[in-house]
Amino acid sequence: MIKQGFAKLTAALLLLAIAQAQLHIPCATIARQVRADRAWIEMECKHKTPIGAGQSSVAYVVEVAQQNAKIERVVKVSTTKALQSKDDPEISNLLKVQGKPHVVKLYDHFLLTIDNVTYLAEILEVGKLADLQKLVKRNRNMFDDASFLYDFSLNLAQGLKEIHDEGLVHTSVKAQNIIVMADKTPKYIDFNYAVPVDKPNTSRGDHMCNAPEVPQDRKETLVWHYSADIY
């Protein structure tokens, strides 16, 4: 019994470690490879610490030279199985909603090889006030203003409508996937798990934020509807 209990504990700790693992690629490595592969992009890292990282992606704030000026952008690098960047789900979904006021702007996308591994690289706009989760922690008083909270909530709802109008369900609506611009406008990011509405697809997204009807088992499928995002 003790051995069985120890084996279960070990397995649980291993699964927890895997769940908490993050893709680790230093910003300097990314910038150096971008300059090598795409000589016309002059990129410098703003910080060594990523603004976001998960099991399959990492993102940094960088400066990109543009018309004799340095513009802040986000470079996001993700694992991919696509042979061309436009075929990666993140890109194909994001292109469908480009130009929407409450969706992050995509400036460029390409495949990038680092240590003989091919990744998807995206150049995106920066959320000047960080993502929503960080912003709430840093400036909670902002959200105590009822008028601001009302307008902000309407903008969040409008952003979902913009995504849904293109026939997509985001599937991973959470504070970390919403950036806030300098004018306090929220924008949705991370479209890797978006799916067509009313069609069967696998369980996905963050289980901590999923609607009740989304199965915990990633192998199960469900017919995704807009209500899963609205929840």
Before we move on, is His207 over 21 Å from Ile51 (Cα atoms) and free of Cβ contacts under 8 Å to residues at least 40 places away in the same chain? yes
Would you check if there is a residue in the range 90-101 being among the acidic types (Asp, Glu), in contact with a Leu (Cβ under 8 Å, 6 or more places away or on another chain), within 22 Å of Gln176 (Cβ to Cβ) and part of a loop (DSSP other than H, G, I, E, B)? no
Between a first residue in the range 164-192 that is closer than 15 Å to Lys105 by Cβ and a second residue that is basic (Lys, Arg) and modelled with pLDDT under 95, which pairs have beta carbons less than 6 Å apart while being 6 or more apart in sequence or on different chains? Met181/Lys128; Ala182/Lys128
Among residues of the range 102-130, those that are among the small types (Gly, Ala, Ser) and either under 18 Å from Gln176 (Cα atoms) or in contact with a Cys (Cβ under 6 Å, 6 or more places away or on another chain) (or both), counted: 2
Among the residues of the range 40-71, how many are farther than 20 Å from Asn177 by Cβ and either open to solvent by 30 Å² or more (accessible area, probe 1.4 Å) or out of contact with any strand residue (DSSP E or B) (no Cβ under 9 Å at 6 or more places or on another chain) (or both)? 15
Scan of the range 93-107 for residues that are surrounded by 15 or more Cβ atoms within 10 Å (Cβ to Cβ) and over 13 Å from Tyr188 (Cβ atoms), ordered by number: none
Which strands (runs of 3 or more DSSP E) sit wholly inside the range 183-230 and have at least 2 residues that are in contact with a strand residue (DSSP E or B) (Cβ under 8 Å, 6 or more places away or on another chain) and either open to solvent by less than 30 Å² (accessible area, probe 1.4 Å) or of a type outside the set (Val, Ile, Thr) (or both)? 186-188, 200-202
Listed residues Leu129, Leu83, Leu135; which is at pLDDT below 95, part of a loop (DSSP other than H, G, I, E, B) and on the phi < 0 side of the Ramachandran plot? Leu129
Which numbered condition trips up Gln20, out of (1) closer than 21 Å to Glu90 by Cα; (2) among the polar types (S, T, N, Q); (3) at pLDDT below 90? (1)
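The values are calculated or read from the model by the stated rules, or taken from the named source; none is laboratory data. Just so it is clear, the structure is predicted and the values come from calculations on it, not from any experiment. Here the Cβ is made from the backbone with ideal geometry for all residues, glycine too, and neighbour counts use every protein chain on show. Side chains included, ligands, DNA and RNA excluded: accessible areas come from the protein's heavy atoms. Shrake-Rupley method; radii C 1.70, N 1.55, O 1.52, S 1.80 Å.
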